[in-house]
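Presented below is the structure to which this report refers.
The values are calculated or read from the model by the stated rules, or taken from the named source; none is laboratory data. Here the structure is a predicted model, which means the values were calculated and not measured. Cβ coordinates were reconstructed from backbone atoms using ideal geometry, including for glycine residues, and neighbour counts include every protein chain displayed. To get the accessible areas, we keep the full protein, side chains included, count just its heavy atoms, and leave off ligands, DNA and RNA. Shrake-Rupley method; radii C 1.70, N 1.55, O 1.52, S 1.80 Å.
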Amino acid sequence: MYSEPWSDIEDYNSEHEAALLTEMITELPVGHNLYGKSFKILAKREDSDDVLVVFDSKFYIVHLTWSRKKEILPYPETKSYGSLEELQEQLAKDSLYF
């Protein structure tokens, strides 16, 4: 499903996925759409610190700061996509401008 610059999280070892998950949980402040939620990482963008996650049938692209600390809203910057079609449009745009 993913094309450059995105890579399926399954293409990485479990340690890399765990590091991404740990950093996301660390960065997410109270009030963030994903704070305290059980989201799943689906993919990572190779040319940036963006990760694609899903929670409750909604997709989110989160730009990690790698600050290793709790951020202050609106960080980490996050864009939400309410449907697979919306997400696919964004991923297609990402591929065009890569």
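Please specify each residue of region 62-98 satisfying the condition of being among the hydrophobic types (A, V, I, L, M, F, W, C), closer than 16 Å to Arg45 by Cβ and open to solvent by less than 90 Å² (accessible area, probe 1.4 Å).
If the condition is that a residue be among the hydrophobic types (A, V, I, L, M, F, W, C), closer than 16 Å to Arg45 by Cβ and open to solvent by less than 90 Å² (accessible area, probe 1.4 Å), then Val62, Leu64, Trp66, Leu87, Leu91, Ala92 are the ones that fit.
So which residues in region 48-61 are surrounded by 11 or more Cβ atoms within 10 Å (Cβ to Cβ) and charged (D, E, K, R), if there are any at all? Answer for region 48-61, where residues must be surrounded by 11 or more Cβ atoms within 10 Å (Cβ to Cβ) and charged (D, E, K, R): Asp49, Asp50, Lys58. Residue under question is Tyr81, and the condition is that it be in contact with a helix residue (DSSP H, G or I) (Cβ under 6 Å, 6 or more places away or on another chain) and at pLDDT 95 or above; does it hold? The answer is yes for Tyr81.
Summed over region 1-47, the residues that are assigned to a helix (DSSP H, G or I), among the polar types (S, T, N, Q) and surrounded by 11 or more Cβ atoms within 10 Å (Cβ to Cβ) give a count of 2. Pairs are defined by a Cβ separation below 6 Å, a sequence spacing of at least 6 or placement on different chains, a first member in region 18-39 that is farther than 15 Å from Lys58 by Cα, and a second member that is open to solvent by less than 10 Å² (accessible area, probe 1.4 Å) and assigned to a loop (DSSP other than H, G, I, E, B); the pairs so defined are Glu23/Leu64; Glu27/Pro76; Leu28/Leu34.
The single condition from (1) in a helix (DSSP H, G or I); (2) under 9 Å from the mean Cα position of the chain (by Cα) that Val54 fails is (1).
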